[in-house]
Amino acid sequence: MSLNAVKGTHDIYAEEAKCYQYIKNVFQAVAELYGYMPIETPILEHTEVFCRSTGEGSDVVRKEMYTFLDKGERSLTLRPEITAGVARAIVENKMLFNFDSPLKLYYVGPAFRYERPQLGRYRQFIQAGVENIGVDNAYADAETIALAMRVLNYLGFKGLKVKVNTLGDKASRDAYREALKKYFEPLLPNMCDDCKSRYELNPLRILDCKVKEDQELVKNAPKSKDFLSEEAEDRFYKTLSILSDEGIDYEIDDTLVRGLDYYGHIVFEVSGEEYGALLGGGHYDNMLHNFGAKAEVDSGVGFAFGIERIYSLMKDKGLFDNIDKGLDIYVMPLSEDLIEHGYILSEQLRGLGYSVESPYKAAKLGSLFKKANRRKAKVALIFGEDEINNGKIQVKILDREEQIEADLSTLDHTLNDIFNAIDSDDGCCCGDECEGDDCCCGHHHDHEEGHGEHCCGHHHDHEEGHEGHCCCGHHHKDDGDN
Ligand code: AMP
């Protein structure tokens with residue numbers, strides 16, 4: 001029996017966990033800009049949820065699910081994707097009746113697929129995504145793509161392109177499916193076993209086959225655009241014209257079908273030359289009907305991305321380099337008797353919004369500086385008996401090697417001045433001048449008037465002159481008048 005992590009799973013901690021958190025925060029903030037609400041559904045669902053919704057024709061359901069019988073002999077599955085559970089939850093909780101339509105929901109959480117673990121492919125991974133449900137409209141499709149692009153832009157990805165295709169409405173898809181069957185029938189004996197079962201279950205999925213020889217055959221297969229009803233075609237071109245007007249760079253890729261069975265109308269994938277595919281999604285129909293609901297408009301549109309993939313690309317491209325701003329303050333009491341002073345001072349400073357660490361036991365100054373350095377602390381507060389008796393404290397700005405003696409009674413003002421100066425030197429964490437603008441770091445910069453709206457989606461109203469760490473992990477400086 002092994003006590004190591006299960007094959008294909010991984011631990012996420014420290015710096016990496018911070019980066020994951022950052023990605024989630026930017027995603028959440030952007031989703032909320034578009035009016036989305038969070039949803040969390042159970043990781044465990046009845047297996048039937050995925051068979052009905054994700055689709056028995058998909059590789060995910062056919063080959064990759066973690067399915068088992070529980071002690072009550074129920075067939076349960078660790079979710080391989082999150083949309084199906086969200087659809088189940090919407091119906092079960094009558095959300096379409098309790099909330100205005102469209103219902104806009106976003107999620108972040110683990111998903112499980114029994115795949116061969118390889119670079120960037122795990123058996124447990126984290127998916128983040130949105131579902132805009134109860135809507136069948138070109139604007140909703142375009143808005144979802146715009147949201148996806150904004151998330152990736154704010155994370156720092158450049159030169160992105162959206163590949164789009166349309167699978168049309170039901171009539172278009174039925175006609176297309178028949179044409180594909182006709183085309184592939186004579187070729188099938190020379191195709192892979194997966195394609196043979198895809199042919200029976202969902203021939204559209206053959207277009208997504210990764211086997212080289214099969215891909216050659218796919219090249220000459222009929223194209224979905226030739227089977228579109230007039231309505232479906234108009235709908236597709238309407239979405240594309242909205243994207244063009246917004247300046248979103250797209251390209252039609254008529255082999256794009258996406259991996260899951262529920263898609264119809266537009267499907268899309270965002271990629272960049274330097275990165276490959278980053279995110280995918282599309283429009284779907286009849287999702288709620290699978291769970292017994294008779295919704296007026298049983299359609300929706302959404303996308304999902306894997307946090308692991310986004311993380312590793314961002315790491316490779318140095319997109320996290322400016323994100324970890326380190327600790328604000330390292331408190332350095334010079335003797336065991338002063339540990340309690342250090343503790344109380346740290347708590348007061350945390351109350352003002354600074355991130356602070358102080359030792360629980362006395363240590364040599366050299367070792368405290370080493371620790372402060374490793375924690376990327378900006379300021380050290382050093383004090384011995386003499387300072388405390390005189391109501392003073394030594395304030396050292398670490399990367400400038402500057403040290404001043406400050407009055408303890410006005411330490412908050414001194415620190416405020418110091419951090420204002422540090423922050424104005426630093427500029428924005430993205431390294432750009434970006435006042436009053438949406439910046440690639442995910443911040444909305446509007447410092448001119450002293451109002452800061454931040455990437456975590458919170459508006460920070462700090463007490464006069466104070467600044468603080470925001471839940472996104474950034475240190476935000478406000479000008480003191482908001
Ligand atoms: P899908 O649900 O197949 O459309 O996948 C959505 C996103 O989840 C993809 O863009 C991938 O980044 C991510 N993803 C899917 N499978 C895995 C996996 N086994 N390991 C890591 N990420 C995955």
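Remarks
- Positions within segment 196-230 being more than 34 Å from the chain's Cα centre (by Cα) and either on the phi > 0 side of the Ramachandran plot or open to solvent by 90 Å² or more (accessible area, probe 1.4 Å) (or both), in sequence order: 200, 213, 216, 220, 226, 230
- Residue in segment 151-169 that is crowded, with 19+ Cβ neighbours inside 10 Å, more than 13 Å from the ligand (Cβ to nearest atom) and assigned to a helix (DSSP H, G or I) present: yes
- Residue match in segment 324-334 (condition: under 30 Å from residue 152 (Cβ atoms) and of a type in the set (Gly, Ala, Ser)): yes
- Any hit, segment 44-61, residues being surrounded by fewer than 17 Cβ atoms within 10 Å (Cβ to Cβ) and within 16 Å of the ligand (Cβ to nearest atom): yes
- Any hit, segment 76-97, residues being farther than 28 Å from residue 5 by Cβ and part of a loop (DSSP other than H, G, I, E, B): yes
- In segment 388-410, the residues that are assigned to a loop (DSSP other than H, G, I, E, B) and open to solvent by 60 Å² or more (accessible area, probe 1.4 Å): 390, 401
- Residue match in segment 284-297 (condition: among the aromatic types (Phe, Trp, Tyr) and open to solvent by less than 30 Å² (accessible area, probe 1.4 Å)): yes
- Contacts under 6 angstrom Cβ, first residue in segment 375-394 being closer than 16 Å to residue 337 by Cα, partner open to solvent by 10 Å² or more (accessible area, probe 1.4 Å) and part of a loop (DSSP other than H, G, I, E, B), 6 or more apart: 384/334
- Within segment 56-84, residues that are hydrophobic (A, V, I, L, M, F, W, C) reach partners that are open to solvent by 10 Å² or more (accessible area, probe 1.4 Å) and at pLDDT below 85 with beta carbons closer than 7 Å, at six or more positions or on different chains, in the pairs 60/259; 60/260.
- Selection status of residue 122, within 16 Å of the ligand (Cβ to nearest atom) and either hydroxyl-bearing (Ser, Thr, Tyr) or touching a Ser or Thr at 6+ places or on another chain (Cβ under 6 Å) (or both): yes
- For residue 129, the criteria (1) part of a strand (DSSP E or B); (2) open to solvent by 10 Å² or more (accessible area, probe 1.4 Å) hold in every case but one, which is (2).
- Just one residue in the set 76, 96, 147, 103 is out of contact with any Lys or Arg (no Cβ under 8 Å at 6 or more places or on another chain) and within 28 Å of residue 8 (Cα to Cα); that residue is 76.
- Counted as qualifying within segment 307-387 are the helices (runs of 4 or more DSSP H) with 1 or more residues that are of a type in the set (A, V, I, L, M, F, W, C), surrounded by 15 or more Cβ atoms within 10 Å (Cβ to Cβ) and within 16 Å of the ligand (Cβ to nearest atom), namely 307-316.
- When we screen 138, 146, 142, 111 for residues that are in contact with a Pro (Cβ under 9 Å, 6 or more places away or on another chain), on the phi < 0 side of the Ramachandran plot and of a type in the set (Gly, Ala, Ser), the only hit is 111.
- Residues that are in contact with a helix residue (DSSP H, G or I) (Cβ under 7 Å, 6 or more places away or on another chain) and within 15 Å of the ligand (Cβ to nearest atom), drawn from segment 265-292: 266, 268, 270, 275, 278, 279, 281, 283, 287
- Total residues in segment 110-119, condition surrounded by fewer than 19 Cβ atoms within 10 Å (Cβ to Cβ) and either of a type outside the set (Lys, Arg) or near the ligand (Cβ under 7 Å from one of its atoms) (or both): 6
- Among the residues of segment 264-283, not one is on the phi > 0 side of the Ramachandran plot and open to solvent by 40 Å² or more (accessible area, probe 1.4 Å).
- Pair list, Cβ under 7 Å, 6 or more apart: segment 179-192 residue modelled with pLDDT of 95 or more, other residue open to solvent by 90 Å² or more (accessible area, probe 1.4 Å): none
- Candidates are the residues of segment 62-106 that are loosely packed, with under 15 Cβ neighbours inside 10 Å and of a type in the set (A, V, I, L, M, F, W, C); the one that is farthest from the ligand (Cβ to nearest atom) is 97.
The values are calculated or read from the model by the stated rules, or taken from the named source; none is laboratory data. Keep in mind that what you see is a predicted model, and the values were worked out from it rather than measured. Here Cβ is always computed from backbone atoms with ideal geometry, including for glycine, and neighbour counts include all displayed protein chains. Ligands, DNA and RNA are stripped out before the accessible areas are found, and what is left, the full protein with its side chains, is counted by its heavy atoms. Shrake-Rupley method; radii C 1.70, N 1.55, O 1.52, S 1.80 Å.
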